[in-house]
Amino acid sequence: MSSNVRIGIAGLGTVGIGVLKIIKAHGDLLQARSGAHLSVTAVSSRDRTKDRGVSLDGIKWYEDARDLATDPDVDIVLELIGGSDGIARELCEASLKSGKPVVTANKALLAEYGNELARIAEERGTPLAYEAAVAGGIPIIKALREGLAGNAISRVYGILNGTCNYILTEMEETGGEFAAILRDAQKLGYAEADPSFDIDGVDAAHKLAILASVAFGTPVDFSNVYIEGIRDVSAADITSARELGYRIRLLGVARRTARGIEQRVHPCMVRRDSTIANVNGVFNAVVVDGDFVNETTYVGRGAGEGPTASAVVADIIDIALGRHTPTFGVPVAKMNPIPTSPIADHRGCYYVRLTVEDKPGVIADVSAVFRDENISIESLLQRGRASGEAVSVILVTHEAKEEALVRALGKIAQFTHSMAKPRMIRIASL
């Protein structure tokens, strides 16, 4: 690119303002690293009158973000609006088609339409960069696409949502129930007013679909990610995990198997002495298993103004320097569509919590169901004695097929002495 790189920003929320602050604070440093003077020449956002704490003097303002795609004074377009469709998608498509590189932090857009956008970018020879879309300030896309390019990746997994990690950490440290900790997280700004995308695992699933594509050279396949959130994790589960030597974390796991690629997001019990178990609060972590490098781990803040804006600016510098790789690591035409391994085929160990009536024969009935499904029980613990009332029974299984475990729990739920829906949490093999 030229010695002057002009930037248009669509969206002046937390990340957009963070980018403006970095460019203002580190102008000379960024010029030394990119070989170009970086300047913001145009912006677009909903509210023109809002005080954002940074000066916008001398910067063009567009009511319609799509106008950035045709502005001759904009060399790179930053799409920081969010949302998987609508104006964000239209802006990215229009910018790429007009030959303008795009930098986005929009994981939902990439998870839903990344294949199409990558195809446009490659046809036009125009960069589409998105380091900020996954794990905030952790440079995991660059690590997978470039640093680990000499490896065949067998697995990538991690903590991909800071809101969920904060809630689970606080539940463990305070003994509080999920609903109360969520309210506290909302007051502190760690959770949105509508936290569904976070706590139901959708946000993490968007990120996992992107990671799986880069790791395995396959098209982004969000529709086949198994998703389970943390709403049903209770203080009782947190306590049981501690007693069993585990912590509970919401993990995204993408793994090659003989049957295809597993892509799953769900709560996991992880060993207390593992690296991932000791990533607390709003931090994210990603672990990559490569055949020559073995295991590499990346930890950092996964969201927020500074970390996410830092990743956006790193992409701007790459574009200014002319660093240009295929969007998801290999050209779209050479991507290998690998079959999905369904969650029903997953094999692993499981934690099971049953709420049953305390009376003779209950454990025998439960054991018979597990026996019939060829599931071996490693340990069993009954909490309390209250004849004729509800008690908790905690089971840990040996490795079993998920399909069989689900059938077993369905049968147990039909027992007359079953007082609540059985709860199951997968035990991670890390």
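One table, with the values for the structure above:
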{"item": "Residue among 356, 352, 313 that alone is in contact with a helix residue (DSSP H, G or I) (Cβ under 8 Å, 6 or more places away or on another chain), at pLDDT 95 or above and under 30 Å from residue 418 (Cβ atoms)", "result": "352"}
{"item": "Filtered residue count, segment 330-366, keeping only those that are of a type in the set (Val, Ile, Thr) and free of Cβ contacts under 8 Å to residues at least 40 places away in the same chain", "result": "1"}
{"item": "Residue match in segment 251-272 (condition: of a type outside the set (Val, Ile, Thr), closer than 25 Å to residue 236 by Cβ, surrounded by 20 or more Cβ atoms within 10 Å (Cβ to Cβ) and out of contact with any Lys or Arg (no Cβ under 9 Å at 6 or more places or on another chain))", "result": "no"}
{"item": "Some residue of segment 416-424 being within 23 Å of residue 235 (Cβ to Cβ), hydroxyl-bearing (Ser, Thr, Tyr) and out of contact with any Phe, Trp or Tyr (no Cβ under 8 Å at 6 or more places or on another chain)", "result": "yes"}
{"item": "Those strands (runs of 3 or more DSSP E) lying entirely in segment 7-94 with at least 3 residues touching a residue at least 60 places away in the same chain (Cβ under 8 Å)", "result": "76-79"}
{"item": "Those residues of segment 182-201 which are out of contact with any Phe, Trp or Tyr (no Cβ under 8 Å at 6 or more places or on another chain), in a helix (DSSP H, G or I) and crowded, with 20+ Cβ neighbours inside 10 Å, in sequence order", "result": "182, 198, 199"}
{"item": "Selection status of residue 408, at pLDDT 95 or above and not assigned by TED's automatic domain parsing to the domain that holds residue 236", "result": "yes"}
{"item": "Qualifying strands (runs of 3 or more DSSP E) (wholly inside segment 215-312; at least 3 residues being under 19 Å from the mean Cα position of the chain (by Cα) and closer than 30 Å to residue 353 by Cβ)", "result": "246-257, 260-271, 283-290"}
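Listed here are the residues, each with its yes/no results for (1) surrounded by fewer than 24 Cβ atoms within 10 Å (Cβ to Cβ); (2) within 29 Å of residue 335 (Cβ to Cβ); (3) in contact with a Leu (Cβ under 8 Å, 6 or more places away or on another chain).
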residue: 65; (1), (2), (3): no, no, yes
residue: 78; (1), (2), (3): no, yes, no
residue: 91; (1), (2), (3): no, yes, yes
residue: 95; (1), (2), (3): no, yes, yes
residue: 113; (1), (2), (3): yes, yes, no
residue: 129; (1), (2), (3): no, yes, no
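Every residue, every condition in (1) acidic (Asp, Glu); (2) closer than 20 Å to residue 106 by Cβ; (3) out of contact with any Phe, Trp or Tyr (no Cβ under 6 Å at 6 or more places or on another chain), yes or no:
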{"site": "2", "(1), (2), (3)": "no, no, yes"}
{"site": "5", "(1), (2), (3)": "no, no, yes"}
{"site": "17", "(1), (2), (3)": "no, yes, yes"}
{"site": "28", "(1), (2), (3)": "yes, no, yes"}
{"site": "65", "(1), (2), (3)": "no, yes, yes"}
{"site": "70", "(1), (2), (3)": "no, no, yes"}
{"site": "86", "(1), (2), (3)": "no, yes, yes"}
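This table checks each residue for (1) assigned by TED's automatic domain parsing to the domain that holds residue 354; (2) crowded, with 17+ Cβ neighbours inside 10 Å; (3) under 28 Å from the mean Cα position of the chain (by Cα).
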site: 382; (1), (2), (3): yes, no, no
site: 390; (1), (2), (3): yes, no, no
site: 395; (1), (2), (3): yes, yes, no
site: 412; (1), (2), (3): yes, yes, no
site: 423; (1), (2), (3): yes, yes, yes
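The values are calculated or read from the model by the stated rules, or taken from the named source; none is laboratory data. Here the structure is a predicted model, which is why all the values come from computation and not from measurement. Because the Cβ atoms are built from the backbone with ideal geometry, glycine has one as well, and the counts that use them run over all protein chains shown.
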